[in-house]
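A short reminder: the numbers here are calculations on the coordinates, not readings from a lab. No experiment lies behind these values; they were computed from the predicted model shown. Cβ placement follows ideal geometry from the backbone for every residue including glycine, while neighbour counts extend to all protein chains displayed.
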Ligand code: RAM
């Protein structure tokens, strides 16, 4: 009999992480078994200091014993106290529902980082440069190096490194690690992350050398729409290189005044402005032993850093793929225009040949203008321009280090003749495992799905950013929360959002107000002329993000710890609102609201109501919008308290929700169920957030449906309203209408942009129209994921893979594909925390065929659309109700079944 095979071992949601700094890491695995109904009844975890001990079934750090439990995730290590630099190797085995023992898994491991500050023995070093950065000339990068000796018999060599700025590291001429943009972005006023590298195999007996390239990055480069040097003036680097010998002795190399510094070929870099490389300045061997650094100067010892130095506990930014040109042409004036056929974030790699000193300029953009020339107006202050000065000779390759661009097109021009060899667009983003696939019978919908995926890739850059191209690239919280459910289908976002929640809490104001983006930069814009000061806090729907995202992590991954970690902080936000709006109505100055919604009411009317400010981008009145979000947060707080067993808070915030709900109804809803503002978003939010009296729900639904139909099946919703709208229509029995919105091809709609050739999601429904061309370049990104929040809806309703609600962590699936809108086929895969689930359905000859795959240790409730009174058969075998299927009953034109793990296929007569 087939037993359970435990696999995909992870610690803290990461694959064999090095240098973590939590005392009790959480372990997780999945169990695999082809047998129907296979489930875990018990497990045993062994954790040891050496892998050999595991072979002898010894866990000298922890032996959990046989634990009766179905849990495969969030299993807390509960062994001996873990110390700095400790290595831990582990394995697990599972018992199935019949008590049969499965085999031991393979070996997983993790290591602990530097748990106390005084283990960092070095000082921060760099090179102070008293020059002011400009857009054209960002501050120079600095090269650092240090030669040192090592004895024979190294047992282990580990590098811990970080920077205020960005660093790249080499040991003996070879790059260490594959990560780019380390140490990534945090609020450096509060914390910086360090990275850990195992270099045991790289260390040589005798002479060794470490080389470092240090750049400005988010720390002192241009960030957001705010300007340069928002955290500090010059970058600094810190390293702790620990060497352990077989005989038990130890050595260490640290950053200090004995390191040397120099300028070099990667002249200057800025994330937004671009990079300049002068290949003539190459210094062969600079990062290897034996290099004569006589022309180098001593490194400067920089100011000490008093923020936290914490382990990076999220997956790093890396190169994740490459694209070859879709088309490439030389223009009559000697420029090259490359179309990569896909809008993305990353950079260009190009083989170049030119005489020494030839200067080649690379400009990047998302589109071409009407005359076929690179369009860069929408980049605002970001230049995203790279320069390469040729060394002359063969074998030159241009590739930047510390910049990234949002682009589909690249334009190259030289100040002299040059030849171009192979080129590639290098795709760069936080490297998260991709977990979702969805394909349908509708080619435009398929393109839409891929557009959402690409927009996520382009914007998951250490933090979830709004866009990758213009001078913004901020962790906008409204965008981040509304897209989070979709993001969690496409990728494993468990550690990524857990890190962002730390950024969100770091950004929280002492009042309790969360901010509108995180990491947060406070203050006026310096480089961008504007007539109002941004404070960017507490906007409804934006500042509510932490609760929404934390709850998502709990629901999707069963992550309870994240709720506990930010519990006090989340309460402060809800309490802040309670103190400001005790009556349960939020009526402060309007903010973004249902940002970028479609104009349903005359502009003058709205301006008269809200005054100037940004609210003219939202047709829904801010007071109803913000009150609805305030209710949402109160409800979430109550749910979070319940999940943590905080009974009193559960009650308090439950009551607060009821209070807001009553106030909302009293103030905004009339006797006929008409809501103030009368916009689609108003109804959709009130329905989804339960802000209507039971007796008026139906009236509100028909008002909403009527409004959509009146406009010819058109949605007018903005950034945040759209998701509520699509969900509300399905929940209220109008899934057919939701499909019509999905499949609509005229403006405003998703497929409109697809039909215009979009390869990522546009910021605005009308990013480009035939009548007007491009929208206002002051705010027109072609790579903004907010409207991509429909991805989640597609997975649930077209792919049909959702969560049953009651249980956190995708252990109970809800399989409910809806064969509507003329779609005849869909195939979907979602690789969640309990393992891969899959569906595939098609309509043929009036029959509906559905294949379902449920991972071991999970169950599913399956809705099969069928004609009442007809039998649903199991596809492969003529018999119905085969092993492992139980019939639950009928609901909404579907026969409902409960199944355990395994593969199933259903055939039904489809109602017409
Ligand atoms: C824009 C950002 C973002 C949005 C805010 C309100 O500038 O790009 O998408 O959240 O405004």
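So what is log10(I(q)/I(0)) for region 120-314 at q = 0.08, 0.09, 0.14, 0.18 1/Å, when the Debye sum runs over its Cα atoms only?
Listed by q, the Debye log ratios stand at -0.25, -0.32, -0.77, -1.26.
Please list 330-342, 210-222, 30-42, 364-376 highest first by mean number of surrounding beta-carbon atoms within 10 Å per residue.
Sorting 330-342, 210-222, 30-42, 364-376 by mean packing, highest first, produces 210-222, 30-42, 364-376, 330-342.
Say each of residue 580 and residue 292 gets a label point 7 Å from the Cα, pointing the same way as Cα to Cβ; how far apart are those two points in nm?
Modelled inter-label distance: 6.6 nm.
List the extent of the Cα atoms of the chain along each of their three principal axes, largest first, rounded to whole Å.
If we take the Cα atoms of the chain, the spans are 87, 72, 58 Å.
Which order do peptides 76-89, 893-906, 507-520 fall in by mean Cβ count within 10 Å, highest first?
Peptide ranking by packing, descending: 507-520, 893-906, 76-89.
Regarding region 469-733, what are the three Cα extents along the principal axes, ordered largest first, in Å?
Cα spread of region 469-733 along its principal axes, largest to smallest: 49, 46, 39 Å.
Return the calculated 222 nm mean residue ellipticity for the chain, to the nearest 500 deg cm²/dmol, obtained by summing -39500 (n - 2.57) across DSSP H runs with n ≥ 4 and dividing by the residue count.
The helix contribution divided over the chain gives -6500 deg cm²/dmol.
Which whole-number percent is the relative contact order of the chain (Cα, under 8 Å, 6+ apart)?
Working: 2283 pairs, mean separation 92.3, N = 912.
After rounding, I find 10 percent.
Going by average Cβ density within 10 Å per residue, which order do the peptides 744-752, 780-788 take, highest to lowest?
780-788, 744-752
Using the 2.2 N^0.38 Å rule of thumb for compact globular proteins, work out how region 627-715 stacks up: its C-alpha Rg over that value, please.
With N residues counted in region 627-715, Rg over 2.2 N^0.38 Å equals 1.23.
Quick check on region 800-909: what are the equivalent-ellipsoid semi-axes from the Cα gyration tensor, as sqrt(5λ), descending, whole Å?
Semi-axes (√(5λ), whole Å): 21, 15, 13.
Which of the three applies to region 5-111, rounded, prolate or oblate, going by the alpha-carbon gyration tensor with a ≥ b ≥ c and a/c under 1.5 meaning rounded?
Working: a/c = 2.01, a/b = 1.73, b/c = 1.16.
It comes out prolate by the Cα gyration axes.
On a C-alpha basis, how far is the centre of region 668-695 from the centre of region 173-202 in Å? Whole number, if you could?
50
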